[in-house]
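What follows is a short report on a single structure.
Read-outs: derived from the displayed coordinates by stated rules, not from any lab. Worth saying up front: this structure is predicted, and the values here are computed from it rather than measured. Cβ atoms come from the backbone with ideal geometry, glycine included; neighbour counts cover every protein chain shown.
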Amino acid sequence: MRSSAIILSLNQFCVKNGDGNYVFQGSCSRFYSCANGFGWLQDCPGDLLFDTELMECVWHEKVQCGDRPVEARGSSDN
């Protein structure tokens, strides 16, 4: 199953690299989060984007996405 292979690969990445947040090249508004050898693909809340220097979600005006695509998203203030 493809999804289980992706999860296994992400968990292996997390074991190798340790706890923390990491860049997801597929989107400027998403990132990988690793904790205790397990990994999750996370979304930045609202209109925030993932900053590759700070390794956290920040206001979009302060982020240089480079080649990472930026999806049109609405605010999560529902």
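General remarks:
- The range 24-62 residues near the modelled residue 71 label - backbone nitrogen below 14 Å, point 7 Å along Cα→Cβ: 24-32, 41-50
- Modelled FRET efficiency - R0 30 Å, residue 11 with residue 60, Cβ distances, 0.05 increments: 0.50
- Rg/Rh (Cα only; Kirkwood hydrodynamic radius) as it applies to the range 7-56: 0.97
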